[in-house]
Amino acid sequence: MKEDILQKELDNLKELHSDIISIASHELKTPLTSIIGFTKIIKEKPNINEETREKCLKTIIQQSERMHRLINNMITWHQIKMKIIKIYITQVNISLLIKDILKNFLNKINKDHIKLTIHIEDDITFSGDEERLREIIENLLENSIKHIDEGLKIEVRAEKINKNHFNLTISNTGFILDEMIKESILNKNYPLLSGIKIDKSTALSLAISRSLVELLGGKIHFEPINPKGSKFIIEFT
């Protein structure tokens, strides 16, 4: 029996190692390549016009933030899998938190001509971990932006149900999860990344979001939007 437990822990470590190596070797290349490329442009062409310089700097910042989120996700995934993740409960103003997060995505949203609709009720508060809530919302927003075409729509809606109970909905018109992928990532007790037919960073961020929502006492649901789109609904009670 003890040997079986040790073998299971060893298998979990191997899977975790494989997940992290796969993400680090593939998903970090794209933002890093962009950062290097645009930094070289600024260095090698000191006389470029201000508009081009500003675009280069914005891209460097955006890709640096993307790398930061990927690295944070890998750390969080390690903590979840090893069951060493820590939760710090404080009173969080959800309305202000969501608005602050949205500011960080505005450049990308405007650049891709995405139509953003926001319905956030004032003074929504919740007893939870602010940084973990930020991770959840950032991951779902980034996936919505990442997987839709220019000119399509994203809607963010936060509604207060009663004291310390609110619903958050993030929907878009361009990102659909296959049923098998949804089952693997969102519904299993122990979300798996192996065998998922979408990029590993997307699978990772959705699996993390599901795990963090449940650690904070909430539920996450996924609904398709016809003809092409998806809606993530988070309920905290």
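The values are calculated or read from the model by the stated rules, or taken from the named source; none is laboratory data. On a predicted model such as this, the values are computed, not experimentally measured, just so you know. Here the Cβ positions follow ideal geometry from the backbone for every residue, glycine too, while neighbour counts run over all protein chains shown.
Overview of values
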item: Identity of the residue in segment 74-100, in contact with a Leu (Cβ under 7 Å, 6 or more places away or on another chain) and in a helix (DSSP H, G or I), that ends up modelled with the highest pLDDT; result: 97
item: Meets criteria (crowded, with 17+ Cβ neighbours inside 10 Å and assigned by TED's automatic domain parsing to the domain that holds residue 216) for residue 106; result: no
item: Those residues of segment 150-166 which are crowded, with 18+ Cβ neighbours inside 10 Å and not charged (D, E, K, R), in sequence order; result: 152, 154, 156, 158, 166
item: Residue 90 being exposed (fewer than 12 other Cβ atoms within 10 Å of the Cβ), closer than 20 Å to residue 223 by Cβ and among the polar types (S, T, N, Q); result: no
item: Of all residues making up segment 114-130, the number that are in a strand (DSSP E or B), touching a residue at least 40 places away in the same chain (Cβ under 8 Å) and in contact with a helix residue (DSSP H, G or I) (Cβ under 8 Å, 6 or more places away or on another chain); result: 2
item: Test: residue in segment 60-73 that is out of contact with any Cys (no Cβ under 6 Å at 6 or more places or on another chain), assigned to a helix (DSSP H, G or I), touching a residue at least 24 places away in the same chain (Cβ under 8 Å) and of a type in the set (Asp, Glu); result: yes
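So that you can scan it fast, the table gives a plain yes or no per residue for (1) surrounded by 13 or more Cβ atoms within 10 Å (Cβ to Cβ); (2) touching a strand residue (DSSP E or B) at 6+ places or on another chain (Cβ under 6 Å); (3) not aromatic (Phe, Trp, Tyr):
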site	(1), (2), (3)
112	yes, no, yes
119	no, yes, yes
128	yes, yes, yes
134	yes, no, yes
143	yes, no, yes
148	yes, yes, yes
